Amino acid sequence: MKKDGKLILGFDIGGTKIAAALGTSDGKIIGSKRIKSEHRSPEDVLGEMVADGYALLKDNGFKNSDLTAIGIGAPGPMDIPKGTISPCNMKKWINVPVRDHLAEKMGVKAYFDNDANAGVLAEWFFGAGKGCRNLIYLTMSTGIGGGIIVNGHLVQGASFLAGEMGHVVLDPKGPQCNCGLKGCYEAFCGGRAISDRMKREIGGQPDHPIMKLAEGKVDDLGYPVLRQAVVNKDPYALALWDEICLRNAQAIGIFANTFNPEMIVLGTVALHSKELLLDPVKRYLPLFCWKEMLQAMELRVTALGSHIGEYSGICVALNGLFEEGKWQLPWEKK
Ligand SMILES: [Zn+2]
């Protein structure tokens, strides 16, 4: 490890697993572990997180006192000032004090944020958005989350809820969203919404070419099968894909006109779809935002890809240190 590299332990908490990673402030991942979180009590999982944190230090030849900070990215709902999480897909987890528990047990300061903010920080410090001052990251997985960097700082909002870009309403008469609103971006383009829609529209037609692609398994309907059907030029898939691309362009256009970012980075669905998604979205964008915004902006897929979880917790800690003046942005170092 370089002399100026701080040693950071990061956790990316998800509904089925937690990624624990030990890394440096230079963006080097030294070691990582996976912890199962599904159907487990918080006490159990917190205990394993601490044990794995210590093991990552020891296994890589570090002392506990070498650790500078801990960072945690977690799914909502969460209470940022209190450092607690109550993820809706983890039933027994209610107001779990994950931040203070880890800080106390490991003897260093722990920083805490939601997973989409953790994602934008990871893409900003070490991914596609390096060097940007204005950057947006959209998670694009089962749901759609967002993180926003404006003028070189993460936007938190008055009650730490900024960046809920998946719940920008694109049509108040649109499909019902899990959040209670109708016609949210996520209700049009999120992985779960697309999967539910396909099940509803073609799940009962065993002879449909897309059901054959899914080998008759209704539960396999979703983005991977849809993409294959688009490549095969299935008419249902082409029409649905066109709608998805138009809705993505509408949402991205709103964000571009609002924030005038240098870059918007798209997550999982875009990573797997690449040009199949990006090209039509780019064609539709001029319908939804000014050309001045488009000229200033690059639309890219995540550079960290499936490794983003290893970086995100670490980057939450680095952002905490950055805001306290204890760490410089990698590209601003002399
Ligand atoms: Zn919503």
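The values are calculated or read from the model by the stated rules, or taken from the named source; none is laboratory data. All of these numbers come straight from a predicted model, not from anything done at the bench. No Cβ is skipped: glycine too gets one built from the backbone with ideal geometry, and neighbour counts run over all protein chains shown. Ligands, DNA and RNA are stripped out before the accessible areas are found, and what is left, the full protein with its side chains, is counted by its heavy atoms. Shrake-Rupley method; radii C 1.70, N 1.55, O 1.52, S 1.80 Å.
Go over the candidates Tyr284, Tyr236 one by one and state the one that is in a helix (DSSP H, G or I), over 24 Å from Val168 (Cβ atoms) and among the aromatic types (Phe, Trp, Tyr).
Tyr236
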Worksheet item: Do you know which residues across the stretch 10-29 are farther than 20 Å from Asn89 by Cα and in contact with a Gly (Cβ under 8 Å, 6 or more places away or on another chain)?
Response: Gly10, Ala21, Leu22, Gly23, Thr24, Ser25, Asp26, Lys28, Ile29
Discussion item. Among the residues that make up the stretch 118-136, is at least one of them open to solvent by less than 10 Å² (accessible area, probe 1.4 Å) and more than 16 Å from Arg300 (Cα to Cα)?
Written reply: yes
Discussion item. Quick check on Gly191: is it open to solvent by 10 Å² or more (accessible area, probe 1.4 Å), within 26 Å of Cys245 (Cα to Cα), touching a residue at least 60 places away in the same chain (Cβ under 8 Å) and within 16 Å of the ligand (Cβ to nearest atom)?
Written reply: yes
Discussion item. Looking only at the stretch 93-127, how many residues end up being under 18 Å from Gly143 (Cβ atoms) and of a type in the set (S, T, N, Q)?
Written reply: 2
Item to complete: Of the conditions (1) small (Gly, Ala, Ser); (2) more than 27 Å from Trp93 (Cβ to Cβ); (3) not in a helix (DSSP H, G or I), Ser32 clears all except one; give me its number.
Response: (2)
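Does Lys105 satisfy being in the same structural domain as Ala20 (by TED's automatic domain parsing), charged (D, E, K, R) and either loosely packed, with under 15 Cβ neighbours inside 10 Å or free of Cβ contacts under 8 Å to residues at least 12 places away in the same chain (or both)?
No; evaluated as a whole, the condition is false for this residue.
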Discussion item. Restricting to the stretch 165-184, name every residue that is within 8 Å of the ligand (Cβ to nearest atom), of a type outside the set (A, V, I, L, M) and in a loop (DSSP other than H, G, I, E, B).
Written reply: Cys177, Asn178, Cys179, Gly180
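Among the residues of the stretch 65-89, which ones are assigned to a loop (DSSP other than H, G, I, E, B), on the phi < 0 side of the Ramachandran plot and open to solvent by less than 10 Å² (accessible area, probe 1.4 Å)?
Pro87
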Item to complete: For the stretch 42-58, state whether one or more residues are open to solvent by 10 Å² or more (accessible area, probe 1.4 Å) and in a loop (DSSP other than H, G, I, E, B).
Response: no
Worksheet item: Out of all the residues in the stretch 140-163, which are within 14 Å of the ligand (Cβ to nearest atom) and crowded, with 18+ Cβ neighbours inside 10 Å?
Response: Thr142, Gly143, Ile144, Gly145, Gly146, Gly163
Item to complete: Could you tell me which numbered condition Cys245 fails, if it satisfies all but one of (1) in a helix (DSSP H, G or I); (2) more than 16 Å from the ligand (Cβ to nearest atom); (3) without any contact (Cβ under 8 Å) to a residue 12 or more places away in the chain?
Response: (3)
Discussion item. Just to check your reading of the model, which residue among Cys289, Cys315 is more than 24 Å from Ala122 (Cβ to Cβ) and crowded, with 20+ Cβ neighbours inside 10 Å?
Written reply: Cys289
Worksheet, complete the sentence: Over the stretch 194-219, the set of residues out of contact with any helix residue (DSSP H, G or I) (no Cβ under 7 Å at 6 or more places or on another chain), open to solvent by 60 Å² or more (accessible area, probe 1.4 Å) and of a type in the set (Lys, Arg) is Arg200, Lys212, Lys217
